[in-house]
């Protein structure tokens, strides 16, 4: 299975919606063009910042089709899966494979806390449902409540042929490094999942990052990656330092509304989040957005 294309900056693309909370086709197509023109290497449909947990399956099918059509092969489009049941995850993976998504990204089940053996069988079963499709694990302990261990990832990488990589959003650079070290013999593709640790992840051998902020400042995120792979390590680090205050200011708002707030502040017109979340009101958090974005030359 060819996996060389799995690299660079992948954006967990925002899901613009209308007043009835249906995907807004025109604005979604505009966002696809915006991030591609901004230099991203791939698009992840219905990741965490794509608000996957709010979207019904048929809407996901429609949204994925729109993204694939608009991307038109310019960059790979991956499909994010965040369901709890193995059966539903398999169904979503099969839907994505049938639509010719470049790969699927699978979050560990929420609410439950499965054993290592249960997680192994969960991911293995999903991968076996789409044997010709690259499968990426998605480790997000901050949202799920527990993490994927290095032992589990090591076992999956070495025993399930189409589990070929992962996104690690643990924020633990030692763990990210262990995922890379223990699987490098099989060419496992590890993405950093924290925008603020993109440079550090690349230094440890990550193939890129899945970066929320590429939704509204793709030029800054891709600058970190492009400078790094060209050998300009000092420039890459300075680019990282330039974007970090903007990314850190997002933490003052509730998840995941800050990404849409900042996109709208840059004139992107991506609309509101799904309810019950609401746009960040005027106050210290929003003032922080404007201050850090202006300092980075984004406003």
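Bear in mind these aren't lab numbers, they're just calculated from the coordinates by the rules spelled out. Being a predicted model, the structure only gives us computed values, none of them experimental. Ideal geometry is used to build each Cβ from the backbone, glycine not excepted, and the neighbour counts take in all protein chains shown.
Sorting check: for 82-95, 188-201, 277-290, which peptide has the highest mean count of neighbouring beta carbons within 10 Å, and how do the rest follow? Walk me through the numbers on the way to the answer.
Numbers: 82-95: 18.3, 188-201: 24.2, 277-290: 14.6.
In descending order of packing, they fall as 188-201, 82-95, 277-290.
The alpha carbons of segment 8-232 occupy a box of 46, 44, 30 Å along the principal axes, longest dimension given first. Inter-part distance, segment 129-155 to segment 72-87, computed on C-alpha centroids, equals 14 Å.
Length gain on complete extension for the stretch residue 100 to residue 159, per 0.36 nm per residue less the alpha carbon to alpha carbon distance? Walk me through the numbers on the way to the answer.
Values: separation 59, 0.36 × 59 = 21.24 nm, distance 2.44 nm.
Extra length from residue 100 to residue 159 when fully extended: 18.8 nm.
Here each label is just a point 7 Å from Cα along the line to Cβ, and for residue 151 and residue 252 those points are 4.3 nm apart.
Can you show me the helix-derived [θ] at 222 nm for the chain, built from DSSP H runs with n ≥ 4 at -39,500 (n - 2.57) apiece and divided by the number of residues, rounded to the nearest 500.
On the way: 12 runs with 136 residues, N = 299.
The helix-only estimate for the chain comes to -14000 deg cm²/dmol at 222 nm.
Per-residue packing, averaged as other Cβ atoms within 10 Å, sorts the ranges 44-57, 11-24 into the order 44-57, 11-24, beginning with the highest.
Label-to-label distance, residue 58 versus residue 266, with points set 7 angstrom from Cα along the beta-carbon direction: 3.4 nm.
Sorting 270-276, 203-209 by average packing, meaning the other beta carbons within 10 Å per residue, from highest down gives 203-209, 270-276.
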